[in-house]
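Computed from the coordinates by the stated procedures, all read-outs in this text should not be read as laboratory data. All values derive from a computational prediction rather than experimental measurement. FYI the Cβ positions are ideal-geometry reconstructions off the backbone, even for glycines, and counts take in every protein chain you see.
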């Protein structure tokens, strides 16, 4: 069960919990994960006061990694495809708050390091950089500026506990 921190895909640093499955043959590791981002992020504009929105994210990632082994450590580079759904809601300060559910889609790369605690238990640590394929502006009707724009780069750090069969 990994624990993740991410910045860039939502207005502020986010934290989440998730689960993953991994398949490894020799030095090649394929991993599929899902993360539920726990905190509702808030973004606002300065004028008019109180206008903004809230954001939630659920995302899944497919990793392909190549790993080298040295004693109780494994480490190496990874490529990643990340997809999810953002739930964006207009604030109550607007006359007709709306809801939107845009797709979050990003590609990236990073590094995976694992520490073997014994023959079965492992602590994996991912550090990744993601580039969104679609940078959205989140707008509120009759407000000239975006309340939030997807960042050009998202960083992710995740750690977990893994049991190997």
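Here the extension length gained between residue 36 and residue 118 equals 26.6 nm, from 0.36 nm per residue of separation less the Cα-Cα distance. Between 70, 121, 37, where does the largest GNM mean-square fluctuation fall for the chain, given springs only between Cα atoms within less than 10 Å? So, out of 70, 121, 37, the one fluctuating most is 70. Length gained on full extension, residue 99 to residue 15, computed as 0.36 nm times the residue gap minus the Cα-Cα distance: 28.0 nm. For the chain, relative contact order (Cα pairs under 8 Å, six or more residues apart, normalised by length) works out to 22 percent. Taking 118, 134, 82 in turn, the Gaussian network model of the chain (Cα-Cα springs below 10 Å) assigns the largest fluctuation to 118.
Computed over the Cα atoms of region 3-163, pair by distinct pair, the Kirkwood hydrodynamic radius stands at 16.9 angstrom. Each residue, residue 161 and residue 62, gets one label point 7 Å from its Cα in the Cβ direction; the gap between the two is 3.0 nm. Available extension along the chain between residue 47 and residue 142 is 33.1 nm, counting 0.36 nm per residue and deducting the alpha carbon span.
Arrange the following residues from fewest to most other Cβ atoms within 10 Å of their Cβ: 138, 63.
The order, fewest Cβ neighbours first, is 138, 63.
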